[in-house]
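The values are calculated or read from the model by the stated rules, or taken from the named source; none is laboratory data. Keep in mind that this is a model prediction, so the values were computed, not measured. Positions of Cβ are backbone-derived with ideal geometry, glycine not excepted, and every protein chain shown enters the neighbour counts. The area values use the complete protein model at the heavy-atom level, side chains included, leaving out ligands, DNA and RNA. Shrake-Rupley method; radii C 1.70, N 1.55, O 1.52, S 1.80 Å.
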Amino acid sequence: MAPPQKLFLAAIVAAVIVAATTGYAPNSAAEDIVHSSCVHASYPSLCVRTLSTYAGPTITNRRELAQAAVKISLSHARAAAKKLAAVRETVGKKRVKAAVVDCVEMIGDSVDELSRTLGVLKHLHVSGVSANEFRWQMSNAQTWASAALTDDDTCLDGFKGVEGKVKTEVKHWMTKVARVTSNALYMINQLDESRG
């Protein structure tokens with residue numbers, strides 16, 4: 001029987017041969033940019049998880065990464081908006097209903113602001129424009145994303161002093177939206193620092 005070290009070495013050699021012959025590369029360019037960009041995000045593991053499973057076009061640069069992060073945030077915000085609208089129709093307690101109604105408005109604003117952020121990023125001119133024009137575009141994207149994050153937080157503030165299942169559900173949904181939005185804002189800021 002072979003010693004454990006030789007078996008381990010044989011397994012590593014076999015894995016290297018398979019990877020070389022099948023063209024499998026565990027760290028593709030898209031994975032590299034996602035991992036290296038998410039390291040210092042507000043929520044790194046969530047950042048890697050959401051961007052690694054992003055079903056859109058392949059991410060090849062920071063601009064596409066920022067767009068993907070905003071699209072993910074927008075998707076989460078829209079899903080939360082639908083859930084909140086459904087809850088609004090079933091809540092009976094006056095104080096809870098008021099908090100949900102306010103939250104529906106806040107998440108609606110957040111969806112609008114994230115849509116505007118995405119619009120700016122889609123039309124962002126990275127080259128061939130003056131530094132001032134690029135700065136103006138980036139400032140708009142950062143402002144809209146920051147406003148969306150504020151709205152997410154404001155929604156949760158409305159539930160202070162409220163207890164129960166509705167608060168727990170809303171907090172879960174909105175915390176996730178706020179976290180992916182925070183990561184999206186981080187990616188936008190990184191894009192600004194690198195100028196694309």
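Sequence-ordered 3J(HN,Hα) estimates for region 74-91 from the Karplus curve with 6.51, -1.76 and 1.60 and θ = phi - 60° stand at 4, 4, 5, 5, 5, 5, 5, 4, 5, 5, 5, 4, 5, 5, 4, 6, 10, 6 Hz, glycine and proline given as x. Of the GluC sites (Glu not before Pro) in region 71-131, the ones in a loop by DSSP (not H, G, I, E or B) with at most 15 other beta carbons within 10 Å are GLU89.
Legend: calculated FRET efficiency, SER45 to ALA85, from the Cβ-Cβ distance at R0 = 45 Å, rounded to 0.05, equals 0.90.
Please work out the average accessible area per residue across region 62-196, using the 1.4 Å probe convention, and give it in Å².
50
Residue by residue, region 167-173 carries 3J(HN,Hα) couplings of 4, 4, 5, 4, 4, 4, 4 Hz when phi is fed to the Karplus relation 6.51 cos²θ - 1.76 cosθ + 1.60 (θ = phi - 60°); x denotes Gly or Pro. Share of carbon and sulfur in the accessible area of region 46-196 stands at 52%, probe radius 1.4 Å. Placing a pseudo-label 7 Å from each Cα along the Cα-to-Cβ vector at THR168 and TRP136 gives an inter-label distance of 5.1 nm. Counting 0.36 nm for each residue step from ASP102 to THR143 and taking away their Cα separation leaves a gain of 12.6 nm. If R0 is 25 Å, the Cβ-Cβ spacing of ASP153 and LYS93 corresponds to a FRET efficiency of close to 0.65.
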